[in-house]
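Visitor: Sharing a structure below in structure tokens format, with a few things to ask.
The numbers here are math on the coordinates, done by the rules we state, and not lab data. Just so you know, these numbers come straight off a predicted model, no measurement behind them. Cβ placement follows ideal geometry from the backbone for every residue including glycine, while neighbour counts extend to all protein chains displayed.
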Amino acid sequence: ELKVEQNPLFLSMQEGKNYTIYCNYSTTSDRLYWYRQDPGKSLESLFVLLSNGAVKQEGRLMASLDTKARLSTLHITAAVHDLSATYFCAVDCTSGTYKYIFGTGTRLKVLA
Amino acid sequence: KAGVTQTPRYLIKTRGQQVTLSCSPISGHRSVSWYQQTPGQGLQFLFEYFSETQRNKGNFPGRFSGRQFSNSRSEMNVSTLELGDSALYLCASSLGASGGKTQYFGPGTRLLVL
């Protein structure tokens with residue numbers, strides 16, 4: 001069964017600090033997605049990671065993928081208040097019955 | 001370029017009724033995927049349509065169905081509504097089939113089943 005686990009579930013951090021959100025998944029997949037959701041809003045696609053060792057950066061966010069460890073990280077550099085949101089990772093698996101599974105989400109609050 | 005639009009934005013139904021939600025993708029996008037978000041189950045994939053064909057389907061009962069039209073607009077239908085169907089329903093479009101692609105999400109339809 002494909003499981004996707006994120007940690008931490010909640011993260012409160014000071015502006016200017018760095019932190020990492022982890023996304024572990026339980027089966028072979030080469031495709032991992034990161035999304036952002038603001039309260040009461042829809043999802044916004046942040047990154048699509050398609051291969052082992054893939055690294056993508058946008059502003060203060062950087063995502064990486066290690067398919068051997070079945071681990072993706074979302075690193076936040078010098079956090080600002082505007083990054084406060086819930087971040088989801090998701091994995092899809094095309095072997096056998098197709099599955100697209102989201103992690104539980106990490107609620108990030110950046111304190112001024 | 002206009003974004004993904006979903007109608008209606010809010011909907012209240014009673015148990016046993018059926019509901020149809022609509023999604024218009026970004027112009028030129030041929031793939032539409034549907035997702036359900038609830039506080040209890042989180043985000044779950046419902047199905048994906050590409051060029052009027054269902055490509056992939058999540059683990060939902062047959063009460064949940066969808067279709068895609070030749071202009072790529074998509075509808076999803078839920079029959080015999082249950083209280084647990086109360087959720088935010090999101091659709092997303094992408095240029096090609098969604099696997100490995102960036103998806104663009106609509107604002108969602110909030111369904112409340114009483």
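Visitor: Under 14 Å from the mean Cα position of the chain (by Cα) and not β-branched (V, I, T), is that true of A:A78?
Guide: Taking the combined requirement at face value, the residue does not satisfy it.
Visitor: Under the condition of being surrounded by fewer than 19 Cβ atoms within 10 Å (Cβ to Cβ) and part of a strand (DSSP E or B), which residue from the stretch B:40-63 is farthest from the other protein chains (Cβ to nearest Cβ)?
Guide: Residue satisfying both the conditions and the ranking: B:T53.
Visitor: Would you be able to tell me the number of residues in the stretch B:70-113 that are of a type in the set (G, A, S), surrounded by fewer than 20 Cβ atoms within 10 Å (Cβ to Cβ) and either within 11 Å of B:R30 (Cβ to Cβ) or in contact (Cβ under 8 Å) with a residue 60 or more places away in the chain (or both)?
Guide: Of the residues in the stretch B:70-113, 4 are of a type in the set (G, A, S), surrounded by fewer than 20 Cβ atoms within 10 Å (Cβ to Cβ) and either within 11 Å of B:R30 (Cβ to Cβ) or in contact (Cβ under 8 Å) with a residue 60 or more places away in the chain (or both).
Visitor: Further question on the same structure: Among the residues of the stretch A:29-65, write down those that are under 20 Å from B:Q44 (Cα atoms) and loosely packed, with under 12 Cβ neighbours inside 10 Å. Can you show your working first?
Guide: At the first step, the residues of the stretch A:29-65 found to be under 20 Å from B:Q44 (Cα atoms) are A:29-49.
Within the stretch A:29-65, A:P39, A:G40 qualify.
Visitor: Ok, one more. Quick one: which of B:S93, B:S33 is touching an Asp or Glu at 6+ places or on another chain (Cβ under 8 Å) and either part of a loop (DSSP other than H, G, I, E, B) or not β-branched (V, I, T) (or both)?
Guide: The unique qualifying residue is B:S33.
Visitor: Within the stretch A:32-63, which residues are more than 14 Å from chain B (Cβ to nearest Cβ) and either closer than 19 Å to A:L9 by Cα or aromatic (F, W, Y) (or both)?
Guide: Residues satisfying the conditions are A:L61, A:M62.
Visitor: When you look at B:R67, is it basic (K, R), in contact (Cβ under 8 Å) with a residue 12 or more places away in the chain and assigned to a strand (DSSP E or B), yes or no?
Guide: The answer is yes for B:R67.
Visitor: Here's another thing I want to ask about it. Can you tell me which residue in the stretch A:86-112 is surrounded by the fewest Cβ atoms within 10 Å (Cβ to Cβ), limited to those that are closer than 14 Å to A:T20 by Cα and within 14 Å of another protein chain (Cβ to nearest Cβ)?
Guide: Ranking the candidates gives A:R107 first.
Visitor: Also, quick follow-up: Tell me whether the stretch A:16-28 contains one or more residues that are outside any loop (DSSP other than H, G, I, E, B) and within 14 Å of another protein chain (Cβ to nearest Cβ).
Guide: Yes, that holds for at least one residue.
Visitor: One residue is enough: does the stretch B:24-34 have a residue meeting the conditions within 10 Å of the chain's Cα centre (by Cα) and of a type in the set (G, A, S)?
Guide: Looking through the stretch B:24-34, at least one residue is within 10 Å of the chain's Cα centre (by Cα) and of a type in the set (G, A, S).
Visitor: Now, a different point. Can you tell me how many residues in the stretch B:64-97 are within 14 Å of chain A (Cβ to nearest Cβ) and under 14 Å from the mean Cα position of the chain (by Cα)?
Guide: 8
Visitor: Among the listed residues A:K41, A:K109, identify the single one that is closer than 27 Å to B:P107 by Cβ and either among the acidic types (D, E) or part of a loop (DSSP other than H, G, I, E, B) (or both).
Guide: It is A:K41.
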